Amino acid sequence: MDYFNVLVVDDDEGFLETIVNRLKKRKIDTVGVKSEADAFRLIKEKQFDVVILDMKMPGGRDGIKTLREIKKLQPLTEVLLLTGHASVETSIEGMKLGAFDYLLKPVKLEDLLIKLAGAFQQKDSHDQKIRSAQIKKLLRYW
């Protein structure tokens, strides 16, 4: 049974396929796409726990703009930034805008899994707080 779901957005087909396959082997429901357009389409259709986002995509699309759009569409989804080209400063700016954390490419699977675990825990904590607030609100009407 898959307990978590992840969207990986990266134009490097080999990297994308490798990460998706390795996460699936660990029972993480993972989908990979090569463009922001495909990512936005999926995000509008399905709720994701975590998005792993490459900061530098073809066409010159700014990863920060993509992050902002993801957070508009799914504010509670955690975003892990991948940076190989962008500076650490850009990744820190991304974290100020709501990204959970960032990783430098090439990414070691162990490092990715550690960051993913943290992102899943944070997402779960936010979800629990929302459920608690909804229960309290419901109980006020009794």
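The values are calculated or read from the model by the stated rules, or taken from the named source; none is laboratory data. Only a predicted model underlies this, so the values are computations on that prediction, with no experimental measurement involved. Don't worry about glycine lacking a Cβ; one is built from the backbone with ideal geometry, like all the others, and counts go over all protein chains shown.
Listing for the model above:
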quantity: Residue within the stretch 51-71 that is within 15 Å of the chain's Cα centre (by Cα), surrounded by fewer than 12 Cβ atoms within 10 Å (Cβ to Cβ) and over 15 Å from LEU116 (Cβ atoms) present; calculated: yes
quantity: Residue in the stretch 112-134 that is among the β-branched types (Val, Ile, Thr), surrounded by fewer than 19 Cβ atoms within 10 Å (Cβ to Cβ), within 17 Å of the chain's Cα centre (by Cα) and closer than 27 Å to GLY14 by Cβ present; calculated: yes
quantity: Matching residues, the stretch 72-110, being assigned to a helix (DSSP H, G or I), among the hydrophobic types (A, V, I, L, M, F, W, C), farther than 18 Å from GLU36 by Cα and modelled with pLDDT of 90 or more; calculated: LEU109
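Residues checked against (1) part of a helix (DSSP H, G or I); (2) more than 12 Å from the chain's Cα centre (by Cα); (3) modelled with pLDDT under 95; (4) basic (Lys, Arg):
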| site | (1), (2), (3), (4) |
| --- | --- |
| ILE19 | yes, yes, no, no |
| ARG22 | yes, yes, no, yes |
| LYS27 | no, yes, yes, yes |
| VAL31 | no, no, no, no |
| LEU42 | yes, yes, no, no |
| PHE48 | no, no, no, no |
